[in-house]
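Presented below is the structure to which this report refers.
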Amino acid sequence: MKTFLGFLCFVLLSQGVGGLLYQLTDGSVRLWSLVARTSLFDGYEIYVSVVLIVAGLAMGAATGAVKKGGS
């Protein structure tokens with residue numbers, strides 16, 4: 001469980017940072033951010049990227065709180 005939460009934390013943080021870099025550089029940094037490539041978030045890309053970063057940080061804190069035994 002702890003490994004899965006750590007992986008999910010990494011994915012959320014990388015997508016958030018990638019989307020934020022893509023928007024702040026006007027697309028010159030072409031990362032694999034799904035937020036920038038999805039038309040669902042048109043006009044809200046920066047907000048969604050910040051929410052992904054915050055969710056990734058929260059997931060990282062939750063990862064540290066999970067017991068080692070998994071019970």
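Please treat every number below as a calculation from the coordinates, not as lab data. Note that the structure is predicted; figures quoted are calculated from it, not measured. We place every Cβ from the backbone using ideal geometry, glycine too, and count neighbours over all the protein chains shown.
Each Lys and Arg Cβ is given +1 and each Asp and Glu Cβ -1; about its Cα centre, the chain then shows a dipole of about 460 debye. The fewest-to-most ranking of Leu24, Leu34, Leu40 by surrounding Cβ atoms within 10 Å reads Leu40, Leu24, Leu34.
Restricting the chymotrypsin sites (Phe, Trp or Tyr not before Pro) of segment 2-36 to loop positions (DSSP other than H, G, I, E, B) with no more than 15 neighbouring Cβ atoms within 10 Å leaves Trp32. Coordinate range of the alpha-carbon atoms in the chain per principal axis, descending: 45, 18, 17 Å.
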